[in-house]
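Written below as structure tokens is the structure these notes are about.
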Amino acid sequence: MAVQKRTSKNVLLDTALKNFYAAAEEMGLDDGLVEVMSRSERAICVSIPVPMDDGSVKVFEGYRVQHSTVLGPAKGGLRFHPEVNLEECEALASLMTWKCSLAGIPYGGGKGGIAVEPLELSPRERETMTRTFAARIAPVIGDWTDVPAPDVNTGGPEMVWIMDTISKLRGKLEPGVVTGKPISVWGSKGRNAATGLGVATCILELLKVLNEPVKGATVIVQGFGNVGTFCAKYMTDAGAKVVGISDITGGYYCADGIDIAAAMKHVAAHPKRILEGYTQPGLQKMDGEAILQQEALVLSPCALEGAINAKNADGIKAKYIVEGANGPITPEADVILDKKGILVVPDFLANSGGVIGSYFEWVQDLAGFFWTEEEYNNRLVPIMKDNFARVWDYAQKNNKKMRRAAFLVAIKRVADALQMKGFFL
Ligand code: GLU
């Protein structure tokens, strides 16, 4: 019996399903396994009432999806963004399953979030919303069931509120229920920079296998949040020249190189943590779309999904794209980029430093024993290098694109475990 393939009107979910089915077909995966792995184990929707500062009550919608717990507790971020919806969370949760599998860490995949524009909330409204959300998803999260983490527009403060709410509900400290916590509250030195460090490590490994010198290599980083900032910083530290950065306020280009330390300082001092008003000699301000079209050796989209799409892919001038965000290239754009001969390192390999770092934090929380930042980075970088090499070698040997190679390797580990465990419960 042929598998009844799922499709979705949500582009990200449809893409995730198409990528999965294509890889599954290529590896001749058993129909039953395909059926199981193309669905999420559990998805919950919650409403989140928040008394607003003006006396009104607003109700937000929140989600948590556990795509798979075959390899271990579901793992993945929580995002606060107006576009968050169930299908998007489902797609991103499945990407987490493949990411954790490929990374070789003992986790399944999950994702969640709240449909909200966080910039419109006061600090008190934001905390109340986060704590109420935590309480409403409390029945399905825990250190051995599902471990959320930061994602778009969330970070240390949100993770502390979640940990504290769950700890109070359970009457005992629950540090391992979330990762990405600040260092002073059971977080881990190194976690904040881990995703960006991982993306930069992948870029450097790519340049190495292609014999491209790092010194002076030009890089454009789209998105100047947690991932983009540290990616740009580590590329600069390695001797590359970051010529372009961007955020919601637009693109910032400088042929002589952006002063990343100064840009980071500017953002840290801005009340909204944005690049607005940043300037340096020779800096050109342009819109966010235009920055993607500038000359550079490497482009790293570190913002949101769908950033490179059928409309703008043809104008990309970079030779290599290393995906820091989740799903930044649409399938149509993937085809166009391929025709143009642009090599793409896929998201769930390139940005896996974040979740590998989360794994380190969780291990330290469970043991109650903490590492130095040096120990943390000394473990992270070799794992990233190994994972890059594994996918690169597989792609070369089997004449595959890196995205397909990564899917084939990742799906195999989950399929093997699923086959051994069976489908009971
Ligand atoms: N949000 C990050 C990601 O998409 C980190 C997830 C985690 O650490 O659990 O990979």
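Computed quantities for the displayed model
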{"item": "Average silhouette area of the range 351-409, convex hull of alpha-carbon atoms, in square nanometres", "result": "4.4"}
{"item": "Label-to-label distance, nm, for residues given as residue 366 and residue 6 (7 Å Cα→Cβ offset)", "result": "2.8"}
{"item": "The range 379-425 shape via C-alpha gyration tensor axes, a/c threshold 1.5", "result": "oblate"}
{"item": "Relative contact order (percent, whole number), the chain, Cα cutoff 8 Å, 6+ residue spacing", "result": "15"}
{"item": "Summed side-chain charge close to residue 323 - residues other than residue 323 whose Cβ falls under 11 Å, Lys, Arg +1, Asp, Glu -1", "result": "-2"}
{"item": "Order of 159, 384 - criterion: other Cβ atoms within 10 Å of each residue's Cβ, fewest first", "result": "384, 159"}
{"item": "Residue exposure sequence - 41, 88, 375, 174 - by fewest surrounding Cβ within 10 Å", "result": "375, 41, 174, 88"}
{"item": "DSSP H segments from the chain that extend 18 Å or more along their own axis, Cα-based, with Kyte-Doolittle mean of 0.0 or above", "result": "11-26, 86-103, 156-170, 191-209, 353-367, 402-421"}
{"item": "Largest-first principal axis extents, alpha carbons of the chain, Å", "result": "58, 55, 43"}
{"item": "Peptides ranked, highest mean first, by Cβ atoms within 10 Å: ranges 338-346, 316-324", "result": "316-324, 338-346"}
{"item": "Out-of-range pairs (alpha-carbon distance over 32 Å; input 9/181; 181/385; 189/272)", "result": "9/181"}
{"item": "Set of lysines near residue 5 by C-alpha distance (under 21 Å), chain-local residues within fewer than 8 positions excluded", "result": "18, 412"}
{"item": "Relative contact order (percent, whole number), the range 1-144, Cα cutoff 8 Å, 6+ residue spacing", "result": "24"}
{"item": "Lysines whose Cα lies under 17 Å from that of residue 317, excluding same-chain neighbours fewer than 8 positions away", "result": "241, 339, 340"}
{"item": "The range 98-190: chymotrypsin sites (Phe, Trp or Tyr not before Pro) in DSSP loop, at most 16 other beta carbons within 10 Å", "result": "144"}
{"item": "For the chain, calculated [θ]222 nm from helices alone, where every DSSP H run of n ≥ 4 adds -39500 (n - 2.57)", "result": "-14500 deg cm²/dmol"}
{"item": "For the chain, share of DSSP beta bridges that run antiparallel, in % to the nearest 5", "result": "50"}
{"item": "Residues 145, 229, 7 arranged by fewest to most Cβ contacts within 10 Å", "result": "7, 145, 229"}
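Where a number appears in this text, it was derived from the coordinates with a stated rule and is not lab data. Only a predicted model underlies this, so the values are computations on that prediction, with no experimental measurement involved. Cβ coordinates were reconstructed from backbone atoms using ideal geometry, including for glycine residues, and neighbour counts include every protein chain displayed.
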